[in-house]
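These notes are about the structure you will find just below.
The values are calculated or read from the model by the stated rules, or taken from the named source; none is laboratory data. Small disclaimer: the values here were computed from a predicted structure and weren't measured. Don't worry about glycine lacking a Cβ; one is built from the backbone with ideal geometry, like all the others, and counts go over all protein chains shown. Remember, those area values only see protein heavy atoms, side chains included, never the ligands or the DNA or RNA. Shrake-Rupley method; radii C 1.70, N 1.55, O 1.52, S 1.80 Å.
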Amino acid sequence: MTRFFSSILIVSLLFSCSSTKGLSATTPPTPAAPSAVTTAYWQQHVDYNMEIDMDVNTYQYKGKQKLVYTNNSPDVLNKVFYHLYFNAFQPGSEMDVRSLTIADPDGRVKDRISKLKPNEIGYIKVNSLKQNGVSINHETVGTVLEVELAKPIQPGESVTFDMDFDGQVPVQIRRAGRNNKEGVALSMAQWYPKLAEYDFEGWHADPYIGREFHGVWGDFDVKLTIDKNYVVGGTGYLQNPNEIGHGYETGTVNRPNSDKLTWHFVAPNVHDFTWAADPEYIHDTKQVPNGPLLHFLYKSTMPQDKLDNWKNLQPKAVELMQFFSNEVGQYPYNQYSVIQGGDGGMEYGMCTLILGEGSFDGLFGVTAHEMGHSWFQFILATNEAKHSWMDEGFTEYICTLAESHIFNKDFNELSKRVYGVYAYLAKSGTEQPQTTHSDRYVYNRSYSISAYYKGYVFLKQLAYVIGQENLEKTLKQYFKTYAFKHPKPIDFLRIAEKTSGLELDWYLIDWTQTTNTIDYAVKTIENNSVTLERIGLMPMPIDVLVTYTDGSTEAFYIPLQMMRGEKPTSATIIKDWAWAYPTYTFEATKPVKSVEIDPEGLMADIEKENNKN
Ligand SMILES: [Zn+2]
């Protein structure tokens, strides 16, 4: 695989101020010298070594896990936390109760967790945990393991955690589980004790309530022992393909004489390890020229038309991989697997688990989306719980762009529906700012529209603000700078600013941190004079198309003053519009017949009717 080591350091200067509070009259205040603290980007690192023994009859498994955890932070750590995601699939869990109490529960979850019997629930039970060979105190609190360290971990220090655990795979409810409605035996996502991330914002020991993930970068070495008839697909390169076969072999298959096989996987530089297994998987492979080997694992028991869909998907998946690599950055691993997981679709390291029995369009769409996440979430590993719009929205944008490219559809036309859904949310009274933690939206619907649709519009509309070419350059530079890291919204925005030379803080603030809306209108036309009006709070630069009484047209561009510049444009550039002024008047050279704001419909104006006069 290719690794990217960026030398970009994020340097911030923090000045501490002295406070005069609490000083007595007799104590002369000592002026504190401003202390400049230079903070470089850092991230934690963890290497996993796991040996897993799976019983496919009881759906229980035993695990031995050795982690080597390196504290690259400037802080001393007294605690660590693990996620025990499978504990969410128990009656009375936070995920269960949230689903029972939210107004619009996920139809796939509803009250299903509350009805699980003891042999159907999921769990991870930690039997023992040691830090550098010394037993340490730990407590399971819902889906989180709280660990009190025997010895604090110093900045720069590496420690070893050894854990023994037992797991049970839940009946499939959401994302992971056993025997789902498409009959996949084991969909093993978020199935192991997973160290929580500690970053510049502190610990992210989020309980698993239903939304997505944030993990620590590192290398995985996993030995999975399972019934010899099960075909496994997932994260990581198989190290012993000729002991396994099942479509992975590179030469003569020589299996040990045993009821079980031990699959040995290695995955370098990932932040998750996922797999699925079924005795009825077909396993096909397809090589992407100058790219990874694609694996497809899907049930042989599906009807013929569904099997045909999976065959027809394969050349399209090659095109998708090439498209994303060209548009954003070269896919850095040697392998990617599209696996029938039997529930929705979810992105993981080097693979995805998806529904397998839909129409071809559905299968293509979900594959495009989940593969697109390899860039926006997996490699550019944003915190999904905090900035869901950066993974879902950016992914929807890039996979819709891919769809338009592969099937020769008009991208602006495909985007119109997305703008429409966002406008519906903005006018519904149920919108919450995109800074809301993804578990804490009042409605699931508001979360989904905000993350997927409003996140998509963030990028598509940014092309309107800075120009399409600048957006494309921004995406490529974002990948170069932040691959294998945890970028934040401001990191992306700064790259857009540096690429375009424009000031864009207003765009990030209004679009992602507020529910301010865009509404510009044509107010009056008098002879050569045109007056526009800003009704919504959110500022925007304005493209205007003027049609003269003689039938000719002219495109104008009104820069937004706070941007301190203009996008590249062939339109006639006129004076700036300073945001606080509710109206703006300009004089054309000839009598004006009609005016249209943003004729291409790239600005997410929530009241389009008043854009024309
Ligand atoms: Zn997604």
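Of everything in the stretch 296-333, what is under 12 Å from Asp284 (Cβ atoms) and among the aromatic types (Phe, Trp, Tyr)? Give them in sequence order.
Phe296, Tyr298, Trp310
So for the stretch 276-283 (the condition being closer than 24 Å to Glu319 by Cα and out of contact with any Ser or Thr (no Cβ under 9 Å at 6 or more places or on another chain)), does at least one residue qualify?
yes
Name the single residue, out of those in the stretch 112-152 being modelled with pLDDT of 95 or more and more than 26 Å from Tyr208 (Cα to Cα), that is most open to solvent (accessible area, probe 1.4 Å).
Lys151
I'm trying to understand the selection: among the residues of the stretch 265-314, which are assigned to a loop (DSSP other than H, G, I, E, B), of a type in the set (Ser, Thr, Tyr) and in contact (Cβ under 8 Å) with a residue 40 or more places away in the chain?
The answer is Thr274, Thr301.
Name the one entry in Asp278, Asp259, Asp284 that is at pLDDT 95 or above, of a type in the set (D, E, K, R) and either under 25 Å from the mean Cα position of the chain (by Cα) or open to solvent by less than 10 Å² (accessible area, probe 1.4 Å) (or both).
Asp278 is the lone residue from the list that is at pLDDT 95 or above, of a type in the set (D, E, K, R) and either under 25 Å from the mean Cα position of the chain (by Cα) or open to solvent by less than 10 Å² (accessible area, probe 1.4 Å) (or both).
Look through Ile597, Ile558 and report the one residue that is under 35 Å from the mean Cα position of the chain (by Cα) and farther than 24 Å from Gly455 by Cα.
Ile558
Can you name the number of the only condition in (1) among the β-branched types (Val, Ile, Thr); (2) within 23 Å of Ile518 (Cβ to Cβ); (3) away from the ligand (no atom under 16 Å from the Cβ); (4) surrounded by 18 or more Cβ atoms within 10 Å (Cβ to Cβ) that Thr481 fails?
Against the list (1) among the β-branched types (Val, Ile, Thr); (2) within 23 Å of Ile518 (Cβ to Cβ); (3) away from the ligand (no atom under 16 Å from the Cβ); (4) surrounded by 18 or more Cβ atoms within 10 Å (Cβ to Cβ), Thr481 comes up short only on (2).
Could you tell me which residue of the stretch 384-401 is farthest from the ligand (Cβ to nearest atom), considering only residues that are outside any helix (DSSP H, G or I) and open to solvent by less than 10 Å² (accessible area, probe 1.4 Å)?
Ala385
Could you say which residue among Ile466, Ile495, Ile449 is within 16 Å of the ligand (Cβ to nearest atom) and surrounded by 20 or more Cβ atoms within 10 Å (Cβ to Cβ)?
Ile449
Using the structure shown, decide if Gly345 is within 16 Å of the ligand (Cβ to nearest atom) and free of Cβ contacts under 8 Å to residues at least 60 places away in the same chain.
The answer is yes for Gly345.
Hey, among Val141, Val147, which residue is hydrophobic (A, V, I, L, M, F, W, C) and free of Cβ contacts under 8 Å to residues at least 60 places away in the same chain?
Just one listed residue meets the conditions, Val141.
Against the definition (within 21 Å of Ala604 (Cα to Cα) and either surrounded by fewer than 18 Cβ atoms within 10 Å (Cβ to Cβ) or more than 30 Å from the chain's Cα centre (by Cα) (or both)), how does Lys523 come out, yes or no?
yes
Could you tell me which residue of the stretch 563-613 is nearest to Glu526 (Cα to Cα), considering only residues that are open to solvent by 60 Å² or more (accessible area, probe 1.4 Å) and of a type in the set (A, V, I, L, M)?
That would be Ile573.
Which condition does Met538 not pass, out of (1) buried (at least 18 other Cβ atoms within 10 Å of the Cβ); (2) touching a Ser or Thr at 6+ places or on another chain (Cβ under 7 Å); (3) closer than 21 Å to Asn412 by Cα; (4) not polar (S, T, N, Q), if it passes all the others?
Exception for Met538: condition (3).
Could you say whether any residue in the stretch 417-428 is without any contact (Cβ under 8 Å) to a residue 60 or more places away in the chain and of a type in the set (Val, Ile, Thr)?
Yes; the residues of the stretch 417-428 include at least one that is without any contact (Cβ under 8 Å) to a residue 60 or more places away in the chain and of a type in the set (Val, Ile, Thr).
I'd like to know if the stretch 345-356 contains one or more residues that are more than 17 Å from the chain's Cα centre (by Cα) and over 19 Å from Asp106 (Cβ atoms).
Yes: one or more hits.
Condition first: more than 28 Å from Ser438 (Cα to Cα) and part of a strand (DSSP E or B). Now tell me which residues in the stretch 221-239 satisfy that.
Within the stretch 221-239, Asp221, Val222, Lys223, Leu224, Thr225, Ile226, Asp227, Val231, Val232, Gly233, Tyr237, Leu238 qualify.
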